[in-house]
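A.B. asks: Structure incoming, see below.
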Amino acid sequence: MVQAAEALLNPEIVLAELKKNAVSHVVWLPDSETNWLYLLIKAEPSLTLVTVSREGLAFSTAAGLYFGGKTPVILIQNTGLMESGDSLRGWGLGLNMPVVLMVGYRGWTRHGVTIDTAAVYVERFLNAFGISYYLVENNHDAPRISLAFEEARKTQRPVTVLVGDEYHGFHPH
Amino acid sequence: MMQMADILKVFKEYRGDAIVVPGKGARYWGDMTTRPELDVALMPTAMGGRAAFAFGLALAQPHRKVVLFDSEGDMMMGLNILPTIAEHAPENFYHFLLDNECYATTGGQPVPNAGKIAYDVVARGAGYARTFSYDNLESFQINLERIMSGPGPVFVALKIVPEIENEPVGRRKRFSTRSREQVRQDLWKALGIAGCNQ
């Protein structure tokens, strides 16, 4: 049981990482890996949730927020990230936007027998664009979220956090 | 049908201290503007995201008007941002659509269902509270004060004459005189947010 609990990624810890990095807006399209964060974000007065209906629009929305002086984070699934290729190029890389992408790693299994092509291609996709990424699977990995923010600020580029939780999503207490 | 330059000439009297995202209008706006530090001309970025970008700006700067000159080809590629804009309903957001019914920068091929789409109705259906549509300069001119003095989000569809480009992309005149990085820095300085995010 202890092992199982340690394997979880608690949404309060993720939220604390966002607040620690002064995130103002969460630009989001719901996905199965990050759905538990929704209620917490909605209830958090320091964050504004902006729901889009296609992931590419998360990049242009975030770019507008950034140009307006805010600190957005993009929260989408790996499928939507791949859909967003040109938006990542034009709005993210093209505008030197230091944004963190928290990407639900659908299909991630750890053991290497990966069936879901959404998982098969996502790291290759990020490598093709030269986007750094950090894998976060449980609470112990959560400080990597701050590392991603630091790298984004330092490099003035998008940096990704892959949320790999084997289909379990974020877990409440 | 109106000329893009005439629309911008009429609009500039009402600009005040608004942030302007001129879109394709940048080709004329650069010679008309008196507040270039508040102009956000970023072309080229990625097609389909201009309305979302301007919406993000409006959310970030709620006490300042943000005026977007969108085009129908770009808007149709990202049409699904309209419900998001309507949901947040930024009162400072003024969304003008320059509709020339074609992809002018690729030679003038018609957009899907060209000339038969009521974009103001699409915006209203998505939830914009105030929508308008004009196909002649006189009507636009008469109503612009009312449009700009009321709250956003407002959507204004404008029929314009296509200005078709056939020159190879590499030989076309670039209308932006500043780099994208310079545009951002100028904007931050004007808004008093220099240093933010760095």
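Where a number appears in this text, it was derived from the coordinates with a stated rule and is not lab data. Since we're looking at a predicted model, the values are computed, not measured. Reconstructed Cβ throughout: ideal geometry from the backbone, glycine too, with neighbour counts over all protein chains shown.
A.B. asks: If we count every other residue with Cβ under 13 angstrom of A:GLN77's Cβ, Lys/Arg +1 and Asp/Glu -1, where does the sum land?
C.D. replies: Charge balance in the 13 Å sphere: -4.
A.B. asks: Mind scanning A:LYS19/B:LYS65; B:LYS9/B:LYS189; B:LYS12/B:LYS116; B:LYS12/B:LYS189; A:LYS19/A:LYS42; A:LYS154/B:LYS173 and naming the pairs with a C-alpha gap bigger than 24 Å?
C.D. replies: A:LYS19/B:LYS65; B:LYS9/B:LYS189; B:LYS12/B:LYS116; A:LYS154/B:LYS173
A.B. asks: So what is the relative contact order of chain B, in percent, for Cα pairs below 8 Å that sit 6 or more residues apart?
C.D. replies: 26 percent
A.B. asks: Just counting partner chain Cβ atoms within 10 Å, what average do the residues of peptide A:67-78 show around their Cβ?
C.D. replies: Across A:67-78, the average partner-chain Cβ count within 10 Å equals 5.
A.B. asks: In peptide A:86-95, what is the residue-averaged number of other protein chain Cβ atoms found within 10 Å of each Cβ?
C.D. replies: For this peptide, the per-residue mean of nearby foreign Cβ atoms is 5.
A.B. asks: Please report, in debye to the nearest 20, how large the charge dipole of the protein assembly as shown is about its Cα centre when each Lys and Arg carries +1 at its beta carbon and each Asp and Glu carries -1 there.
C.D. replies: Charge dipole of the protein assembly as shown: 900 debye, to the nearest 20.
A.B. asks: Something else now. Cβ neighbours within 10 Å, averaged per peptide: list B:41-52, A:40-51 in order, most packed at the top.
C.D. replies: B:41-52, A:40-51
A.B. asks: If you take every residue apart from A:PHE149 with its C-beta less than 15 Å away from the C-beta of A:PHE149, what net charge results, scoring Lys and Arg +1 and Asp and Glu -1?
C.D. replies: In short, +3.
A.B. asks: Taking each residue in B:188-195, count the Cβ atoms of any other chain within 10 Å of its Cβ, then average. What number comes out?
C.D. replies: Partner-chain Cβ atoms within 10 Å, mean over residues of B:188-195: 2.
A.B. asks: Take the Cα atoms of chain A, find their three principal axes, and give me the spread along each one in whole Å, biggest first.
C.D. replies: Over chain A, Cα extents along the principal axes are 46, 36, 30 Å.
A.B. asks: Across bins of 10 angstrom width beginning at 0, how are the C-alpha pair distances of the protein assembly as shown distributed, in whole percent?
C.D. replies: It works out to 5, 24, 31, 22, 12, 4, 1, 0, in whole percents.
A.B. asks: How many percent of the alpha carbon pairs in chain B exceed a separation of 32 Å?
C.D. replies: Distances greater than 32 Å cover 10 percent of the Cα pairs.
A.B. asks: By per-residue mean of other Cβ atoms within 10 Å, what is the highest-first order of A:16-26, A:55-65?
C.D. replies: Answer by packing, highest mean first, reads A:55-65, A:16-26.
A.B. asks: Using alpha-carbon pairs under 8 Å, 6+ residues apart, how would you state the relative contact order of the range B:1-107 in percent?
C.D. replies: 28 percent
A.B. asks: Looking at chain B, do any whole DSSP H helices span at least 24 angstrom along their long axis by alpha carbon and average 0.5 or above on Kyte-Doolittle, and which?
C.D. replies: Helices meeting the criterion: none.
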